[in-house]
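What follows is a short report on a single structure.
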Amino acid sequence: MNVNCGVCKTICTVNHDCILCELCETWHHACCENLDKEKLKKMGQDDKPYICTICKSTHDMNILAMRLTKVWL
Ligand SMILES: [Zn+2]
Ligand SMILES: [Zn+2]
């Protein structure tokens, strides 16, 4: 894996817990997204697409919901 975190712009390595935003397709360190191990674990079990905080703050949530419907189906 050789991608940069969308928050701090440093490289996401296998040594980090990283999470992929389904909307902008950018990887983020879990810690940069304020996700602790417990939250990460829960999200893994949910199997729902992850939306990063940047997308959440820049997109209207209704549009997000519409776009993600096809992902969830
Ligand atoms: Zn980061
Ligand atoms: Zn995003």
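Read the figures in this text as sums done on the coordinates, not as results from a lab. The structure presented is a predicted model; accordingly, all values stated were derived computationally and were not measured. Note that each Cβ is placed from the backbone with ideal geometry, even for glycine, and that neighbours are counted across all protein chains shown.
Values as computed for the structure displayed
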read-out	value
Semi-axis lengths (Å, descending) of the ellipsoid that matches the C-alpha gyration tensor of the stretch 4-64	18, 15, 9
Sorted peptide list for 10-22, 44-56, criterion being average Cβ within 10 angstrom, highest first	10-22, 44-56
Calculated FRET efficiency for the pair V14/A65, C-beta based, R₀ 22 Å, to 0.05	0.10
